[in-house]
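Read-outs: derived from the displayed coordinates by stated rules, not from any lab. In this text, all values refer to a predicted model and were calculated from it rather than measured experimentally. Quick reminder, even Gly has a Cβ in these numbers, built from the backbone with ideal geometry, and neighbours come from all protein chains shown.
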Amino acid sequence: MSKRRTKIAKRLRSLIAPLALKVISNRIFLIFLSLCALGFVVGRHGFHSPPPIPYEDLFDNMDVYSYREAPADSVTHVVVELNAGGHPFREYDIDSRRFSAPKQGSRYVRSVGGTRYRPLRLRGHAAQGFWLELPDSLSPGAGEGQFDQLYQRSLSFVRPLGVVRTALGILSGYSVGYHLATWEGSLGNPAMQARIMDTPGIGRAIAREAWRRVLLEPVLMGDGTDIEVFGATHDKQRVYTNFFKLALRDSDDFVPREVARLAAAGQLEFSRAMAAFAGAVDHAQEDNRELSSDDFRAIEVWARMLYGRGHWARHVAPAASEERSMYLGALTYYGLAPVTPDQARIWIGPRVLVQYGEVDGFVADDIPATALGCPLSWRRRLIPDTTATGADAWALRWVDQSTMGIAQLMPVWKALRRGLPFLHPRPRI
């Protein structure tokens, strides 16, 4: 038996040794190993033990499911799926406030019976706005080129950077070594996942980040929208956004008056939806309050009313010209006035460039600019530029530490600056 094992071992050595020799003598492989070693050294040099909890990665990789157990069920359930590397490792039930292991087949059931809110990947920011001309019956093609330019400036220009980043990550071993060195602090590490689950108040933080994700869904604009649909959708997004900002600080009690006005006009569904949305905003502003599925459903119902039935003013605006003018003037003051039919252009303001699934899109700055509406994973990386529209908007995934990017190379750059005097900027005389 021992002789047979010896023969097998010799055969394996005779097969493996030449192959290993070829691999070791390969220059590309040696370069890969060298870069891998460099990445490992750099990663360990900047690593702190115990590592901080990767909250940004955690919140940046959440799927939110809003669904009903049965088609006839009137109660909406919300579950947050926590992912690492594209694979779920825990689920958090908003109402029971418990973590559980992900269930097989649950994604399909929840997607069929409800809505799945995919993560919004921050890709960049365009700080300058411009006027977008809308087509009319006399010149139906007007604004088409500008509309295409909007998406080209906002979205397409960052794609080549993503290709370069991916190529560098694959061809160099630096990223591999860096990730190996920082594995202890990675979201994919089971020990880190267990540590996250034991963090006090983590369930409340996850619920608020999930609520923010649902809040941003109605103002998300994808790159597949044509210009006519874009104009109509943009107006509804404006009303939705400004109503949210009003609900944040309604010092004049305008919302309760509108709720009562709608109820008096017999628009009970509209009235309840408006009151529920304002209440959900109030709940989310209370740091110690536990959110429920009702706070998520309030967003969905209010957005469905605005986008499906249009502006509520057509149900409650006074018929008398003077009273009507005063009412519409109040709506204009809060930025809630319905759009005029002869609108020729719309203002496209600063916007956050995002990716959800395989779709590129953007979100206007108004909601993310508020403390309540800005996702935690965006706050550090959302760096406004100060140049022309979209020209210098950065593909911020390039500098994310989860990829082979500038963040991983910063320790090397700092070391080079210390060792090479000509890299230090000289003061101008």
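First measure r as the distance between the Cβ atoms of ALA205 and MET326, then evaluate 1/(1 + (r/R0)^6) with R0 = 56 Å and state the FRET efficiency to the nearest 0.05.
On the way: r = 44 Å, r/R0 = 0.79.
Here the calculated transfer efficiency is 0.80.
Given 0.36 nm per residue, what is the gain on full extension from ALA369 to HIS45 after removing their alpha carbon distance, in nm? It would help to have the intermediate numbers written out before the result.
Values: separation 324, 0.36 × 324 = 116.64 nm, distance 3.53 nm.
So the chain would gain 113.1 nm between ALA369 and HIS45.
Going 7 Å from the Cα of ALA37 along its beta-carbon direction, which residues of the stretch 174-211 have the amide nitrogen within less than 19 Å of the resulting point?
174-182
Using r as the Cβ-Cβ distance of SER251 and GLU290, and R0 as 35 Å, what FRET efficiency do you calculate, to the nearest 0.05? Intermediate values should be presented prior to the final figure.
Details: r = 27 Å, r/R0 = 0.76.
Efficiency computed from Cβ-Cβ geometry: 0.85.
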